[in-house]
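Values quoted throughout were computed directly from the atomic coordinates according to the rules given, and no laboratory measurement underlies them. In this text the structure is predicted, and so the values were computed from the model without any measurement. Virtual Cβ from ideal backbone geometry, glycine too; neighbours counted across all protein chains shown.
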Amino acid sequence: GLVNTKEMFAKAIKGGYAVPAFNFNNMEQLQAIVKAAAEEKSPVILQVSKGARNYANAILLRYMAQGAVEYAKSLGWENPQIVLHLDHGDSFEICKDCIDNGFSSVMIDGSHLPYEENVALTKQVCEYAHKFDVTVEGELGVLAGVEDEVSSDHHTYTDPEEVIDFATRTGCDSLAISIGTSHGAYKFTPEQCTRNEEGKLVPPPLAFDVLDAVMEKLPGFPIVLHGSSSVPQDEVDTINKYGGKLPDAIGIPEEQLRKAAKSAVCKINIDSDSRLAMTAAVRKVLAEKPAEFDPRKYLGPARENMEKLYKHKIVNVLGSNGKA
Ligand code: G3H
Ligand code: 13P
Ligand code: NA
Ligand code: ZN
């Protein structure tokens, strides 16, 4: 069945790689994630956001994820290492609902709350979750952009002075931190970037000094990075070529994620890149074959494109291939 993150993260930290956490909202995304993980023998975290629950229905998503374990076995993956995780839980109630309904891991995101309230809420979720062997991700620091329907125009980096107290008092199993990543396909404004010789935008580097300080305070503790899509330029170009409009979309350079994956960062969240891969493929088919109206004819290529992207992340960025 589904597993929690405990052993998975311990192995990732020792092995110097990160486990991919991919969001899913529909069957094609799920199939592509599981196929990529099965073929690359990579541990994988299937993430469901509140938005995904509203879109696809919590019950259906749960059974789809449980079915994914059987699906993975049918693809020849003997011992599938698959986590079903709630992404950005914003209340005890939503976490409890997931814990009561087969999730193996949850995130309680109290990062926008005053510190003591974040501690209390995270602790409450941990106490309940741990009775059922469900692991809990907490968060300290605020990402720029929209998170939990709360929008912030600047990063509030995680304060390394708080992490020992937070981890100890809450009992959380992993900690999401803010070091300059953000959600969505517009992670930096052109003004925040520099330009290289070819005139291409180069984003500012992540705050690895903050990550180092956190790791020094909590040696061997599992760290999570949200907002880690790289916004592949070829997908953005395809979208724009076939009628889309994503000017100046920009993400986290893969080189920086590769570096992070080698550290105690053992979960890297990627959602936007999958959305871009799906949209690029759908737009291309619909533009090139205007007579097509069988959804399988555009969702099939979309699924293939996402699978390619997931494999690329696993093999070339996170290094989790061959670890499960
Ligand atoms: O944290 C954001 C994830 O990409 C989920 O996005 O809330 O639109 O499903 P969503
Ligand atoms: P991206 O928007 O960078 O894909 O981040 C996804 C995420 O953090 C989900 O929690
Ligand atoms: Na790592
Ligand atoms: Zn996130």
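In table form, for the structure just shown:
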{"read-out": "Among L201, I270, I223 the positive-end extreme of the charge dipole of the chain (Cβ point charges)", "value": "I270"}
{"read-out": "Above-threshold pairs, the threshold being 29 Å between Cα atoms, out of K245/K267; K96/K313; K6/K35", "value": "K245/K267; K96/K313"}
{"read-out": "Rg in Å to one decimal, and Dmax rounded to a whole Å, for segment 10-50 via C-alpha atoms", "value": "11.4, 33"}
{"read-out": "Value of relative contact order over segment 233-290, rounded to a whole percent, pairs C-alpha under 8 Å and six or more apart", "value": "57 percent"}
{"read-out": "Amide H contacts under 5 Å for A144, placed H, 5+ residues apart", "value": "H155, T156"}
{"read-out": "Length-normalised contact order for segment 256-324 - Cα pairs under 8 Å, 6+ apart - percent", "value": "41 percent"}
